[in-house]
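Data first, discussion second: the structure below is written as structure tokens.
Taken together, the values in this text are just the output of simple stated rules run on the coordinates, not laboratory data. These numbers come from a predicted model, not from an experiment. Every residue, glycine as well, gets a Cβ built from its backbone with ideal geometry; the counts of neighbours run over all protein chains shown.
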Amino acid sequence: TVLVRDDKGGVQELRAILDCGSQSHFITRKACKKLGLACEPFRYVVKGIGASPLNVSACATLNFFSKIDPTHKYVAHTLVVDRLTERVPSASFSIVDLPHIQNLVLADEKFFEPHGVDLLIGAELWPLIVGTEKRTGPPGTPVALETTLGYVVMGGVPIGTLDVQRHCFFAQPSLESLVERFWSIEDVPRCNIMS
């Protein structure tokens, strides 16, 4: 979770995920609206897993800071998307059996409850945010990684026999762009017949 000042001077929380493999930062259109953040027109194609293209039409500059230490401030030039992912995690779980995580100052105190994600912080800011300390527990449990935003929790969790969905972040082209591409391929070039 990060804090952001909105257009009225108030402070809003955004749920964020860190992604050291992302070349860009992303924010949802809904979060931009919530903050009153100005979105600038911007044409860009993002390719994810499987090189599936996603056309982005807006960008926004976001200033955010840590809720545990407001002196840690960051600027992210974000690409605006309708949605980043499903709710994360995909199922609730208990932290009772995770003693190595208890009593830590967490970036997201409710990391174990499924919630939407507003912001994806990419590789550009990763080394400025992530620290060196980590807390590990028994095999099969998540690791807590120190950051300037608080400890972030990542990895597998002991969830028993729940039917859980796995998530992989990628973009899928719209039906409109697929149909347009189909017709451009099917269009036979015309040539003049000379006699």
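As a proxy for reagent exposure, PHE65, PHE111 were ordered by neighbouring Cβ count within 10 angstrom, fewest first; the result is PHE65, PHE111. Within region 51-135, the trypsin sites (Lys or Arg not before Pro) that combine a DSSP coil assignment with at most 16 other C-beta atoms in a 10 angstrom radius are ARG83, ARG87, LYS110. Taking other residues whose beta carbon is less than 13 angstrom from the beta carbon of SER22, and scoring Lys, Arg as +1 and Asp, Glu as -1, yields -1. Each Lys and Arg Cβ is given +1 and each Asp and Glu Cβ -1; about its Cα centre, region 2-184 then shows a dipole of about 280 debye.
For THR71 and ALA51, what is the calculated FRET efficiency with R₀ set at 41 Å and r taken between the beta-carbons, to the nearest 0.05? Calculated transfer efficiency: 0.55.
Principal semi-axes of the equivalent ellipsoid, √(5λ) from the alpha carbon gyration tensor of region 1-126, are 26, 19, 13 Å from largest down.
Set the bar at 24 Å for Cα to Cα. Now go through LYS47/LYS73; LYS8/LYS73; LYS34/LYS110; LYS33/LYS134; LYS30/LYS73; LYS8/LYS30 and name every pair that lies beyond it. Violating the 24 Å limit, Cα to Cα: LYS47/LYS73; LYS33/LYS134.
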